[in-house]
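Engineer: Quick one: structure below, then a few questions.
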Amino acid sequence: MAQDTSRAQCVDMVIVGAGFGGMYATWKFREMGLDIVSIEEGGDVGGVWYWNRYPGARCDLLSVDYSYGFSDAVQQEWSWSEEFAAQPEILTYANFVADRLDLRKHYRFSTRVISAKWDDTRNLWTVRTSDGAVFEARFCVMSTGPLSMPTDPDIPGLSSYKGMVLRAAKWPHDPVDLQGKRVGVIGTGSSGMQIIQTLGRTDCEVFVFQRTPSFTLPMRNRKLDDAYQTELKRNYPAIRAACRMNPTGGARPVSTRPFFSLPADHRQELMEQAWAHGGHTFLGIFSDLMTNQEANDQVADFVRDKIAQIVTDQQLAEKLKPRGYPIFARRPCLDTEYYETYNLPNVHLIDCLEDPIAEITPRGVRTQSGETELDVLILATGYDALTGAMLSFEITGRQGRPLAEKWAGGPRSLLGIVIEGFPNLFMTTGPNGPAALANIVTISENDVDWIADVITHMDQTGQAAVEASTEAEDSWMERIHQTASNSLMLKAKTWWVGSNVKGKPQGMLMFTGGFHKYREACEAIAANGYRDLVFDSAGSAASPNVKAAAAQ
Ligand code: N01
């Protein structure tokens, strides 16, 4: 059916999202001279940090890593107060960047994209938004984020509950008074654990509904003093370079030492030191934790022993011990006295493996053994991750093919950036890249820069459209599959493999080979003259601005 585009506003590029990917894309493509419009559902910048305002929300990547390196002015002017920043500081940082780089003027906030359709004859995208606007654009960049579509639990009776329901991922912007309340928390992933360890230290009565216990390691956060800040700012070029060489996209220790290459007492000593030091040290002491089941078991035992040492009631400690999956095959958390929280008299664990939730009632939560009355119910039940946001609106590619149809068996793309059959559509931190397995900010910068180079190449060579070749996409998907199969990553049920959403295709969708290998793959495609991409020069629609910039 012909599209009515008579009201359309013509731009070079539509960018979706105001998280770290969308904000950097907005800056980068504006600086390249493109006429851009950026669209964001939230009322302002910040992405997940705009929405996730729950008590205790904090990033468990180092603040220094979890910040932009593309602008030296920004990194020199901004100072982090803590090694691991809390949500309010990260949101203030996002606002600082938006102000400093004057990004807001490009955004339409509180606006959702409702469809994006490719026009084969004109080589243009038509993008419609919830406020009735229509844009025609040569390019679309989807910076919709891997964790931006929260899911409610599949428990009967939720709508019947008469108390207050709060969602970790859509926390109210106005203060919520939880003082003295009976608060139930469903979910013990990263969000739930942060809420529990925070509310447990207030005068709330906290009831934790735990289904699968998660592993968590001590964060041991600390304030950053002036001397440290000065040294840090002097070293930024080296830090950013190190992040780009690292599997996590952060300046984290990496080991080349297999677990069993050391005697048992030395291994124990290293684990004790890492536990005492906190942060990411633990992940950097052995090289083979995700490939050697026996090594993984021993590290998991070490953490289970720590739980037993911390939690005074040994029956409770047993319930908190994660079992049945390798440590680090589900997203581990860095916590602040999470296990200690269960020694507090106002914190109660309901083990939903032993005593499953039957329903949510008007008064609270009923498990098999009885009803727990609650004033407030907090849902920290996770996300339709990686693909949820992209499939939440209609995207139609070449010959009217819906993305939902192409991705019916799971997402397919080259690098998580370009998709066969969807010309001039780019993703940042897309589902087949390292996505949520590495530092989102480092990946975002990598992806946006790669896209910018492709667009420059197109304009220099007179191309109107670009997409992944079928062969390159197939071969990248095979590499994702092979890399995951060679590790223990597939041995846990988690959002990483889509098992938290009913009916979702299962399997590792992210590239598990590390950010450094992913970056090398991106660079190799550019270095081979983009032979893995298919270009279409028909009626080249190069933006006049980009052409002018390229000619300079
Ligand atoms: O979500 P999750 P999240 N009955 O999917 C439970 C990032 N993040 O928002 O495992 C009972 O991890 C579910 O139980 P189970 C980070 O990448 C980072 O916490 O399915 N329980 C699980 O316990 C993270 O991985 C930070 O048995 C039910 C929980 O809900 C990602 O976001 C902070 C249930 C969901 O855990 C997602 O974390 C926060 C049911 N019917 C988030 N349905 C930091 O940087 C679901 N659950 C620190």
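The values are calculated or read from the model by the stated rules, or taken from the named source; none is laboratory data. Small disclaimer: the values here were computed from a predicted structure and weren't measured. Here Cβ is always computed from backbone atoms with ideal geometry, including for glycine, and neighbour counts include all displayed protein chains. What goes into the accessible areas is simple: the full protein's heavy atoms, side chains included, and nothing from ligands, DNA or RNA. Shrake-Rupley method; radii C 1.70, N 1.55, O 1.52, S 1.80 Å.
Engineer: Looking only at residues that are of a type in the set (S, T, N, Q) and free of Cβ contacts under 8 Å to residues at least 40 places away in the same chain in the stretch 293-320, which one is least open to solvent (accessible area, probe 1.4 Å)?
Structural biologist: The selected residue is 298.
Engineer: Looking only at the stretch 396-410, which residues are farther than 11 Å from residue 120 by Cβ and not aromatic (Phe, Trp, Tyr)? Break it down stepwise before answering.
Structural biologist: Filtering the stretch 396-410 for residues farther than 11 Å from residue 120 by Cβ gives 402-410.
Correct list: 402, 403, 404, 405, 406, 408, 409, 410.
Engineer: Scan the stretch 483-491 and tell me whether some residue there is within 15 Å of the ligand (Cβ to nearest atom) and surrounded by 19 or more Cβ atoms within 10 Å (Cβ to Cβ).
Structural biologist: Within the stretch 483-491, one or more residues are within 15 Å of the ligand (Cβ to nearest atom) and surrounded by 19 or more Cβ atoms within 10 Å (Cβ to Cβ).
Engineer: What are the residues in the stretch 211-257 that are within 30 Å of residue 317 (Cβ to Cβ) and either loosely packed, with under 14 Cβ neighbours inside 10 Å or of a type outside the set (S, T, N, Q) (or both), if any?
Structural biologist: 211, 213, 215, 217, 218, 219, 220, 222, 252, 253, listed by residue number.
Engineer: Would you be able to tell me the number of residues in the stretch 206-225 that are within 11 Å of the ligand (Cβ to nearest atom) and within 19 Å of residue 344 (Cα to Cα)?
Structural biologist: So the count comes out to 5.
Engineer: Can you tell which of 63, 79, 115, 67 is under 30 Å from residue 404 (Cβ atoms) and of a type in the set (Ser, Thr, Tyr)?
Structural biologist: Result of the check over 63, 79, 115, 67: 115.
Engineer: Just to be sure, is residue 388 at positive phi and either under 30 Å from the mean Cα position of the chain (by Cα) or modelled with pLDDT under 95 (or both)?
Structural biologist: no
Engineer: Follow-up question, since we're still on this one. Hey, can you tell me all the residues within the stretch 118-173 that are in contact (Cβ under 8 Å) with a residue 60 or more places away in the chain, open to solvent by 60 Å² or more (accessible area, probe 1.4 Å) and assigned to a helix (DSSP H, G or I)?
Structural biologist: 170
Engineer: Taking the stretch 93-103, which residues are more than 21 Å from the chain's Cα centre (by Cα) and buried (at least 17 other Cβ atoms within 10 Å of the Cβ)?
Structural biologist: Matches in the stretch 93-103: 101, 103.
Engineer: Another one. Check 97, 64, 74 and return the single one that is in contact with a Leu (Cβ under 8 Å, 6 or more places away or on another chain) and assigned to a loop (DSSP other than H, G, I, E, B).
Structural biologist: When all the criteria are applied, what remains is 64.
Engineer: I'd like to check which strands (runs of 3 or more DSSP E) are fully inside the stretch 327-403 and have at least 3 residues that are touching a residue at least 40 places away in the same chain (Cβ under 8 Å).
Structural biologist: It comes to 333-335, 347-351, 357-360, 364-367, 376-379, 394-396.
Results for (1) closer than 18 Å to residue 467 by Cα; (2) within 16 Å of the ligand (Cβ to nearest atom), shown as yes or no for each residue.
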residue: 94; (1), (2): no, yes
residue: 107; (1), (2): no, no
residue: 111; (1), (2): no, no
residue: 119; (1), (2): yes, no
residue: 127; (1), (2): no, no
residue: 131; (1), (2): no, no
residue: 134; (1), (2): no, no
residue: 143; (1), (2): yes, no
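A quick yes/no check of all residues on (1) on the phi > 0 side of the Ramachandran plot; (2) assigned to a helix (DSSP H, G or I); (3) among the small types (Gly, Ala, Ser):
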| residue | (1), (2), (3) |
| --- | --- |
| 254 | no, no, no |
| 265 | no, yes, no |
| 268 | no, yes, no |
| 272 | no, yes, no |
| 275 | no, yes, no |
| 279 | yes, no, yes |
| 291 | no, no, no |
| 294 | no, yes, no |
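Quick grid of which residues meet (1) assigned by TED's automatic domain parsing to the domain that holds residue 374; (2) closer than 30 Å to residue 328 by Cβ; (3) modelled with pLDDT of 95 or more; (4) near the ligand (Cβ under 10 Å from one of its atoms):
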| residue | (1), (2), (3), (4) |
| --- | --- |
| 165 | yes, no, yes, no |
| 169 | yes, yes, yes, yes |
| 176 | yes, no, yes, no |
| 182 | yes, no, yes, no |
| 186 | yes, yes, yes, yes |
| 189 | yes, yes, yes, yes |
| 193 | yes, yes, yes, yes |
| 197 | yes, yes, yes, no |
| 204 | yes, no, yes, no |
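Engineer: Same structure, new question: From 430, 409, 416, grab the single residue that is more than 25 Å from residue 32 (Cβ to Cβ), of a type in the set (Gly, Ala, Ser) and not in a helix (DSSP H, G or I).
Structural biologist: Step by step, each of 430, 409, 416 is checked, and only 409 is more than 25 Å from residue 32 (Cβ to Cβ), of a type in the set (Gly, Ala, Ser) and not in a helix (DSSP H, G or I).
Engineer: Taking the stretch 174-198 only, how many residues are part of a helix (DSSP H, G or I) and either open to solvent by 30 Å² or more (accessible area, probe 1.4 Å) or within 24 Å of residue 358 (Cα to Cα) (or both)? Can you show your working first?
Structural biologist: Here is the first cut: in the stretch 174-198, the ones part of a helix (DSSP H, G or I) are 190-198.
From what's left, either open to solvent by 30 Å² or more (accessible area, probe 1.4 Å) or within 24 Å of residue 358 (Cα to Cα) (or both): 190-193, 195-196, 198.
The number of residues fulfilling the criteria is 7.
Engineer: Can you report the number of residues in the stretch 393-420 which are over 20 Å from residue 112 (Cα atoms) and either under 20 Å from the mean Cα position of the chain (by Cα) or open to solvent by less than 10 Å² (accessible area, probe 1.4 Å) (or both)?
Structural biologist: 11
Residues checked against (1) more than 16 Å from the ligand (Cβ to nearest atom); (2) open to solvent by 20 Å² or more (accessible area, probe 1.4 Å); (3) at pLDDT 95 or above; (4) not assigned by TED's automatic domain parsing to the domain that holds residue 329:
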site: 435; (1), (2), (3), (4): no, no, no, yes
site: 456; (1), (2), (3), (4): yes, yes, yes, yes
site: 462; (1), (2), (3), (4): yes, yes, yes, yes
site: 476; (1), (2), (3), (4): yes, no, yes, yes
site: 498; (1), (2), (3), (4): no, no, no, yes
site: 510; (1), (2), (3), (4): no, no, yes, yes
site: 518; (1), (2), (3), (4): yes, no, yes, yes
site: 522; (1), (2), (3), (4): yes, no, yes, yes
site: 534; (1), (2), (3), (4): yes, yes, yes, yes
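Engineer: What is the one condition in (1) assigned to a helix (DSSP H, G or I); (2) more than 16 Å from the ligand (Cβ to nearest atom) that residue 10 does not satisfy?
Structural biologist: (1)
Engineer: So, one more: Suppose we filter the stretch 337-357 for residues that are within 11 Å of the ligand (Cβ to nearest atom) and either open to solvent by 30 Å² or more (accessible area, probe 1.4 Å) or over 21 Å from residue 215 (Cβ atoms) (or both); how many remain?
Structural biologist: Within the stretch 337-357, residues that are within 11 Å of the ligand (Cβ to nearest atom) and either open to solvent by 30 Å² or more (accessible area, probe 1.4 Å) or over 21 Å from residue 215 (Cβ atoms) (or both) number 3.
Engineer: What's the number of the only condition in (1) touching a Ser or Thr at 6+ places or on another chain (Cβ under 6 Å); (2) farther than 18 Å from residue 454 by Cβ that residue 47 fails to meet?
Structural biologist: Of (1) touching a Ser or Thr at 6+ places or on another chain (Cβ under 6 Å); (2) farther than 18 Å from residue 454 by Cβ, only one is false for residue 47: (1).
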